[in-house]
Amino acid sequence: MALAALALQAMKEEWLTGRSRAAAAAVAVLCGTALVTQFGLNVIERGRDPLDEVQRLYGWFTIWSNTAVALIAGHVALVGRARGPAHPALLAASAAWIAVVGIVYNTLLAGLNHPPTMLRQAIDLIFHVFAPAAWPLWWLLLRPAARLGWSHLWAVLPLPLAYCLFALLVGAQTGSYPYYFIDAGKLGWVQLGINITGLASLFAAGMAIAIWWDRRRSPRG
C-alpha cells in the first residue's frame, strides 16, 4: 500500500515537458520585466518614494495578478513540477485571476487608461492583453492534466479577497480607491458588499470552468 501511494504521488509530480517550461519562462520573464519597469519608471520619472510606490502600485489587482503569474510561471520554469507554488490548483487559479483581469479591463476600464509613452503602452499591453491571453493559453495546452477536483474551487478566492481588503484599508487612509466598483466612499457598504461578492463569484466561475475542463479533457503531450 505504501509503495502504491508513493508511485501515485510520483505520477502526480511528473516532470513537465521542456516545451511547457520554456513557455512558462517566457511568460514569467515578460510579466516580471513589465512589473520591474513600471515600478522603476514611476519612481524615476515621477519622483516617488520607492516604499510609497510599492503601496500605490499594489493598489491595483492587475499588479497582484501579474505578480502571481510571474512567480508561478517562474516556478514552473525553474522547478518543472506541479507542486508548491505551481500546484495544479494554483496553476488553474492563476489562469482564472489573470483571465478575469483581461476581461474586466478590456470590457470596462480600457477607455479610462491612456499611457503617455510607447514604453508605458507596451507595459500596459503585457499586463492587460498578453498575460491574460498567454497564461490561460499555457494552462489549456501545457498544464499537468487531470489533477483538479471540485475541492480545489476555494483556491481561486484568497488572492482577490486579500486584495479587496488591502485596497479598502489603503483607501480608508488615503481616500483614493483604484477601481470605482470598490470605492467605499461613494458606494456605501451594502453596494460594496454586493460588488465584492459579484467579483468573487466571477473568479469562482472561472475556476469552476477550469475544473470542469480539466476533468473532461487532457492536453496533448
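The values are calculated or read from the model by the stated rules, or taken from the named source; none is laboratory data. Just so it is clear, the structure is predicted and the values come from calculations on it, not from any experiment. No Cβ is skipped: glycine too gets one built from the backbone with ideal geometry, and neighbour counts run over all protein chains shown. Keep in mind that these areas ignore ligands, DNA and RNA; they rest on the heavy atoms of the full protein, side chains included. Shrake-Rupley method; radii C 1.70, N 1.55, O 1.52, S 1.80 Å.
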(request) Return yes or no: is Val190 at pLDDT below 95 and loosely packed, with under 14 Cβ neighbours inside 10 Å? (result) yes
(message) Any residue at all in segment 209-219 that's within 30 Å of Thr37 (Cα to Cα) and free of Cβ contacts under 8 Å to residues at least 12 places away in the same chain?
(response) no
(message) On the basis of being assigned to a helix (DSSP H, G or I) and open to solvent by 30 Å² or more (accessible area, probe 1.4 Å), does Ala172 make the cut?
(response) yes
(message) Please go through segment 59-74 and give me each residue that is open to solvent by 20 Å² or more (accessible area, probe 1.4 Å) and modelled with pLDDT of 95 or more, ordered by number.
(response) Trp64, Thr67, Leu71
(request) Determine which single condition Tyr180 fails, assuming it passes every other condition in (1) within 23 Å of the chain's Cα centre (by Cα); (2) open to solvent by less than 60 Å² (accessible area, probe 1.4 Å); (3) at pLDDT below 90; (4) over 28 Å from Trp150 (Cβ atoms). (result) (2)
(message) Go through segment 24-58 and report how many residues are open to solvent by less than 70 Å² (accessible area, probe 1.4 Å), closer than 20 Å to Phe166 by Cα and either at pLDDT below 90 or of a type in the set (A, V, I, L, M, F, W, C) (or both).
(response) 6
(request) Residue by residue through segment 102-158, note down the ones that are farther than 27 Å from Arg21 by Cβ, loosely packed, with under 14 Cβ neighbours inside 10 Å, under 17 Å from the mean Cα position of the chain (by Cα) and modelled with pLDDT of 90 or more. (result) Ile103, Trp154
(request) Enumerate the pairs (first residue in segment 57-80 and assigned to a helix (DSSP H, G or I); second residue anywhere and open to solvent by 20 Å² or more (accessible area, probe 1.4 Å) and of a type in the set (D, E, K, R)) with beta-carbon separation below 6 Å, excluding pairs fewer than 6 apart on the same chain, so at least 6 apart or on different chains. (result) Ala77/Arg21
